[in-house]
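Peer 1: Before I ask anything, let me first share the structure, which is written out below as structure tokens.
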Amino acid sequence: MNSVKIASKKFTPPKLLPPWLTEAASLFKDYIINSAVYASNTKPAYLSDLNDFLISCEKVYQLTPHLTHEKLLTSSALYAQKNLWVHLKSNSKIRKVALLKVFFNFLFQQKIIENSLSHQLIAPKKIQSLPRFLSVDEALNVLKYVQKLYFSDPHQLEAVSPPSPFFSPSS
């Protein structure tokens, strides 16, 4: 199978995969590359994630070569989640699960697998960080600094309007 270079990453599936999976991965790679649905920076990330998943498929296949197509895929996804993705941030895990859902749907649409497996994959929740606010002491320190910087007399502060593009003094 030929390697395809995209964004300085090569897509080369492992050698010890079942032939049906090697062929399916090649078809899926072509689908991703030629698809207008995915952004240009998503394509190399998806191909890299697919390569990582195929490595987990290879490991599972070497241990249990008798598995059905669907069992191999689900076992490999579970193996990847438990062993290979543990150290990743949640955004990376979410992207990898999204790739697997697309890949599993592709395999189902191409009739390579009999059942849709994408519903079995659950992405981790995305942790949203809250913005950091200034404490009362920090806000008072900022005001004191501005006061010292611009005004030697603290009473001048009341007479001058703040310079701001959002503040327009009434005429």
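No value in this document is a laboratory result; all are computed from the given coordinates. All values reported here derive from a predicted model rather than from experimental measurement. A quick note on method: Cβ atoms are made from the backbone with ideal geometry, for glycine too, and the neighbour counts reach across all protein chains shown.
Peer 1: Given Cβ point charges of +1 (Lys, Arg) and -1 (Asp, Glu) and nothing else, what value in debye, to the nearest 20, does the dipole of the range 1-117 about its Cα centre take?
Peer 2: Taking the Cα centre of the range 1-117 as origin, the dipole is about 400 debye.
Peer 1: Mind scanning K29/K59; K15/K126; K89/K111 and naming the pairs with a C-alpha gap bigger than 29 Å?
Peer 2: Beyond 29 Å: K15/K126; K89/K111.
Peer 1: Still on this structure: When Lys and Arg each count +1 and Asp and Glu each count -1, what net charge do the other residues less than 15 Å away from E70, Cβ to Cβ, add up to?
Peer 2: +2
Peer 1: Sticking with this one: For F11, list long-range residues whose amide hydrogen, built 1.01 Å from N in the peptide plane, is under 5 Å from its own amide hydrogen.
Peer 2: Placed amide hydrogens put V4, I6 under 5 Å from F11.
Peer 1: Short version: ³J(HN,Hα) in whole Hz for each residue of the range 116-127, in order, from phi by Karplus 6.51 cos²θ - 1.76 cosθ + 1.60 (θ = phi - 60°), x for Gly and Pro, what are they?
Peer 2: Running phi through 6.51 cos²θ - 1.76 cosθ + 1.60 with θ = phi - 60° gives 6, 9, 5, 5, 7, 8, 10, 7, x, 5, 7, 7 Hz.
Peer 1: Using θ = phi - 60° and the Karplus relation 6.51 cos²θ - 1.76 cosθ + 1.60, list the HN-Hα couplings for the range 30-46 in order, rounded to whole Hz, with x at every Gly or Pro.
Peer 2: My calculation for the range 30-46 gives 4, 4, 5, 4, 8, 7, 8, 6, 9, 5, 4, 7, 6, 4, x, 5, 5 Hz in order.
Peer 1: Related question: All other residues with a Cβ under 13 Å from the Cβ of F28 taken together, and with Lys, Arg as +1 and Asp, Glu as -1, what is their net charge?
Peer 2: After counting each charged neighbour, the total is 0.
Peer 1: Same structure again: Please list 3J(HN,Hα) in residue order for the range 56-65, calculated via the Karplus relation 6.51 cos²θ - 1.76 cosθ + 1.60 where θ = phi - 60°; whole Hz, with x for glycine and proline.
Peer 2: 5, 4, 4, 5, 5, 5, 5, 7, 9, x
Peer 1: Going by average Cβ neighbours within 10 Å, how do the peptides 114-122, 131-139, 20-28 rank, with the highest at the top?
Peer 2: 20-28, 114-122, 131-139
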